[in-house]
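Here the structure comes first, spelled out in structure tokens, and everything after it is commentary.
The values are calculated or read from the model by the stated rules, or taken from the named source; none is laboratory data. Note that the structure is predicted; figures quoted are calculated from it, not measured. So basically every Cβ, Gly included, is an ideal-geometry build from the backbone, and we count neighbours across all protein chains shown. Surface accessibility is based on the protein's heavy atoms, side chains included, excluding ligands, DNA and RNA. Shrake-Rupley method; radii C 1.70, N 1.55, O 1.52, S 1.80 Å.
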Amino acid sequence: MALPVSRLRRWFALGAILMIATVGGMYFYSRWRVRKVVHDIPAKIGLDIQQTAEGFSISKSVEGRTQVTVSASKAVQFKEGGHAELHNVKIVIYGKDARRFDQITGDDFEYDPASGDVSAKGTVLIDLEANPEGMRHADQTPPEQTKDPIHLETNGLVFNKNTGNASASGKVVFQTPQASGSAVGIEYVAKTGTMNLVSAVALAVSRPQSVRLNADHGLISKQPRQVVFTGVHLTRERQQLRSDRATFFLRDDNTVDRILAEGDVRSEFHGGSSSNSKTSNSDAQARSDSVELSLTGARNQLTTAVLSGNVQLATQGTPKDGGQLAEAAAGRVTLHFGGQQILETVHAEDGVRLSQKKRQSGATAVVFSSRKADAQDQDVVMTAPAMDFSVKDGRLLEWAETSGPPQIVITQPGANQKTVVTAARFVAKFTQKNRLAMLHGEPDAKIVSSKIAAPGPPDRVSTSQMLDVAFRPEGGIASIAQSGGVAYIDGTLKASAQRGEYAAADQMLVLSGSPRVVDNGMTTTAQTIRMNRTTGDALAEGNVKSTYSDLKARPDGGMLASSDPIHVTSRSMTAHRSPAIAVYTGEARLWQNANVVEAPSLQFDRDKRSLLAQGLTQGAQPVSTVLVQVDKSGKATPVHITSARLNYADAERKILLDGGVTAKGSDTTLTGRQMTVFLLARSQSQAGTSAGLATPGQLERIVVEDKVVITQPTRHATGDRLVYTAAEDKFVLTGGTPSIFDAERGKITGDSLTFYRHDDRVLVEGKETSPTVTRTQVAR
């Protein structure tokens, strides 16, 4: 998600430069000695002077060093009120230790002895200049070279020699090498050593970057050494910063030690092309209750910034990247800066929250408010007690690490779905647009998916040792990969594997590494199992094995009526949860007890216990079925049936086979185009196990139609329709011109031929129009 850390860093750095200039400008007043100079002038020139004195200079010295000199081209005293005028005045302040060379000049001053006020009638110019080498040179020696003096200009300055206070009601203008500024009205109180900038404080910084500061009011104090602005508004290019109050704490040398902004600190950043990036920047807003900046060195380099109290950050993406809204919040955020004031790390704590929202709402979504929600749209929210971020080049998030139990909540309103991802610890990586790219969580990773609107199905829960989340470039989850003891629960469905990967685009969960799925008594293993988390459908591939357990015995059922497990193997399997149908393909084999069906493709309905099998074309791989035939003595023998297709419903106990059918018993083979096999109900079966329980899948009768052929060791019969009854071991052949041929009797034909498998009887029925014909073979 896009965090405008580069802009925040520049703001902190420019704020430091801004206040250095401001404090320097105001320093003039803290060292102002006008009250001393004007206080001494009347004593030097005498208040009873009645005439003009042309050209004089007055100085005050302590221990052989001059502290201040006052020179004027003319001084005039008026009898009325004892007022005095000074013309072309120049005041130089050297200070107690000769380390200053401050100059004050003005054309006209007036002194009122009754009030003690010294008032400038016109413009007053002030130049503030340090002179560190002053003690090493002769007294009153100017600096060898000027070092960026601070210039001030005002009108109507009034200084009181009795109180030491000074004020000006008009505009005060000051200028430094990097900044210029102004205020309307100043008030200097000597007793407290404070300078009050009454209103309309304005400051413009020209370099290294253009910045403007406006404040409603300013106050400079000596004890404590600080500068306080109220109603602060800073503007830089496309950025705006506001706070109710900003305090600049000064060191003994008047450099800024730290800056504290308090009271609804807000900033706005409007997008544009970055000078060192081909990407476009998004709009952003930030706020906090307070911001504290720590500075170091003579150039006041920013080292630390602390944002505290309901810290919030919001960025609005551009239409090019989908207009996604990204937000961040925390109770406290600490930023650490390296050389050249480049942001290096960020520590956030006290309820950290990062979010990316695809849906737009409220004032932040004016451009995209008409957009309809899509099923793939995602709102992503990550929370943690604390997070640490690493920043590259002062503006690009590289990685982040959580402390304390974190979680990610993915909401898809269009799909009515919410997913919660948790782990003991998250490590995240970011894209070039400061969006989440990858996230790794371990140990004890967990994913819980549920419906947003109730009521809904039970939650889907997936656990593992670790997980890896991949995010889409435009924002939102792309995939989640889990590894190490993956366990998945979706209502009655339970799955396990060594690895699992979830794709948000198609809602597929892919399990690999000995995957195992159990659902309503059906257990499936394979090399790979894919499950659609929306529909519940599953696809298994590679050495598929399914077992249907927890079956209830069906007394009226046939081939699959036992309570014993039903087993299926194949190369692949597709299963549907509603209805509960599974399709097995590739050497598929289904069996229960002795009943077996093999085919290239098997479709099994678990609830109905129905089966649909399909062979390959042209009989290359037919359907193969094994049933049980029991003779009168109770001996059970298998019956093998092959066909192109098979359809069985256990409730009807009827197997439909077509596409060319062949049934082979111990000594009889039946063939035809179509065959219907009727089974005995489980309760009617004659053969049993050692426990005396009946074995399902026993033949009751078989109906064969179209080109019927019966082959036995001594017989060969043909016809169009055959009905075989297992209880009597009887064959009834009809349709067309049925015929039987055996070695002893030869060929027999008739409208209906009935014969038995284990004796020589043949019953022949005919009509008057078609008499019975018997041809007997005579041995020669």
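The listed residues HIS347, HIS716, once ranked by accessible area (1.4 Å probe) with the largest placed first, stand as HIS716, HIS347.
What order, most packed first, do the peptides 590-603, 493-506 have when packing is the mean number of other Cβ atoms within 10 Å of each residue? Working shown, then result.
On the way: 590-603: 20.9, 493-506: 18.6.
Top to bottom by mean Cβ count within 10 Å: 590-603, 493-506.
Two numbers describe the Cα atoms of segment 452-531: Rg and Dmax, which are 13.3, 42 Å.
Taking label positions 7 Å along the Cα-Cβ direction at both ALA594 and GLU187, the computed distance is 11.4 nm, reported to one decimal. Using the Cβ of ASP556 as centre and a radius below 15 Å, the other residues enclosed give a net charge of +4, where K and R count +1 and D and E count -1.
Given the convex hull of the Cα atoms of segment 614-657, what is a quarter of its surface area in nm²?
Working: hull surface 14.8 nm².
Spelled out: convex hull of the Cα atoms, projected over all directions, averaged, 3.7 nm².
Distance cut-off 29 Å, Cα to Cα: go down the list LYS60/LYS191; LYS90/LYS191; LYS552/LYS635; LYS552/LYS664; LYS494/LYS608; LYS418/LYS545 and report the pairs above it.
Numbers: LYS60/LYS191 22 Å; LYS90/LYS191 26 Å; LYS552/LYS635 27 Å; LYS552/LYS664 31 Å; LYS494/LYS608 22 Å; LYS418/LYS545 33 Å.
The answer is LYS552/LYS664; LYS418/LYS545.
Each peptide in 383-394, 111-122 was scored by the mean count of other Cβ atoms within 10 Å over its residues; highest first, the order is 383-394, 111-122. Heavy-atom accessible surface of ASP519, to the nearest 10 Å², is about 20 Å², with a 1.4 Å probe and all protein chains retained.
Heavy atoms only, probe 1.4 angstrom, no DNA, RNA or ligands counted: give me ARG609, ARG287 ranked by accessible area, highest first.
Details: ARG609 10, ARG287 30 Å².
Largest accessible area first, the list is ARG287, ARG609.
In this label model, VAL709 and ALA202 are separated by 11.1 nm, measuring between points 7 Å along each Cα→Cβ vector.
Using equal-weight Cα scatterers in the Debye expression, the normalised intensity of segment 506-599 in log10 at q = 0.11 Å⁻¹ is -0.32.
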